[in-house]
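What follows is one structure encoded as C-alpha cells, with my remarks underneath.
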Amino acid sequence: GLDDFARVPARRTPMRSLLPLLALVVTGCATAPATSDVLLRLAPASLGHELALQQRMTVTARGRSQEMAVAIESDEASVRVVIMDFGQPLLRLQWNGQALEESRVPGWPDFIPPERVLSDLQLVHWPIGAIRPVLPAGWSIEDEAGTRVLRSQGRPASLAGRTAADPAEPDHVAAGYRVRLEPLPRSAP
C-alpha cells in the first residue's frame, strides 16, 4: 500500500532542487489565461474499478525536468496519493468525492496546488465518460488516436497521451509544462 511505498528509499534529489523547476512551472502557469484551466474533482467510484499504481512522475518546464515518485490507490470510497522525492513523502492526498485532505512537507510550493495533482491523475486514469459530464460550458474532451484532448472553446488546453504500451503525458499546452507518468521499475529482491 501507500505506507509501504512511503518507506521505500529512492534515489532522488532533495526538495531544495525541486523548487527551481516548480518555479518555472508556475511562471508558465502564470502566463496562461485564466480560462485555460479546469480542475477535475471526479467521484472515486466513477473510475469504475480499483486502482493501485506506483509511477515515476517527471515534470518538464522550459527545458528543465524533475523526477519524483507517485503512488496512487483508488477504490469506491477514496483516492489516495503520495508524492515522494529523495525517499521522503512530500505530499499526501486523500479525496473522498467531497473533501480533499492534504499533508505537505514544509517547503512544498503553494503554487502547485493539490487539486492540480488530483486533476492530472484523474485526467489520465478516469474514463472519458466520467470526465465529460463534469466539464464546464465551453469545454470538451475527446480521444484522438490514443491521446486525450481537453479543449476550451475548441482550442487544446491539455493533452494526455495514454496507451497501454506508452507512458501517460498530461501536457498543459496553454500553461507550458508537461507531466510524464510511467511505471516505476521494480527493484530486485
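The values are calculated or read from the model by the stated rules, or taken from the named source; none is laboratory data. Small disclaimer: the values here were computed from a predicted structure and weren't measured. In this analysis, Cβ positions are derived from the backbone assuming ideal geometry, glycine residues included, and neighbour counts consider all displayed protein chains. Heavy atoms of the whole protein, side chains included, go into the accessibility calculation; ligands, DNA and RNA do not. Shrake-Rupley method; radii C 1.70, N 1.55, O 1.52, S 1.80 Å.
In table form, for the structure just shown:
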read-out	value
All positions within the stretch 49-67 that are in contact with a strand residue (DSSP E or B) (Cβ under 9 Å, 6 or more places away or on another chain), surrounded by fewer than 15 Cβ atoms within 10 Å (Cβ to Cβ) and either without any contact (Cβ under 8 Å) to a residue 60 or more places away in the chain or of a type in the set (Phe, Trp, Tyr) (or both)	His49, Glu50, Ala52, Ser65
Criterion: modelled with pLDDT under 85 and assigned to a loop (DSSP other than H, G, I, E, B) - qualifying residue of Ala188, Ala137, Ala157	Ala188
Flag if Ser46 is touching a residue at least 60 places away in the same chain (Cβ under 8 Å), out of contact with any Asp or Glu (no Cβ under 6 Å at 6 or more places or on another chain) and of a type outside the set (A, V, I, L, M, F, W, C)	yes
Number of the exception - Ala145 against (1) small (Gly, Ala, Ser); (2) out of contact with any Phe, Trp or Tyr (no Cβ under 9 Å at 6 or more places or on another chain); (3) in contact (Cβ under 8 Å) with a residue 24 or more places away in the chain	(3)
The listed residue being open to solvent by 20 Å² or more (accessible area, probe 1.4 Å), touching a residue at least 40 places away in the same chain (Cβ under 8 Å) and not aliphatic (A, V, I, L, M), out of Pro136, Pro106, Pro156	Pro136
Residue in the stretch 68-83 that is within 16 Å of Leu184 (Cα to Cα) and open to solvent by 70 Å² or more (accessible area, probe 1.4 Å) present	no
Where Ala130 falls short, out of the listed (1) open to solvent by less than 30 Å² (accessible area, probe 1.4 Å); (2) in contact with a helix residue (DSSP H, G or I) (Cβ under 7 Å, 6 or more places away or on another chain); (3) at pLDDT below 95	(3)
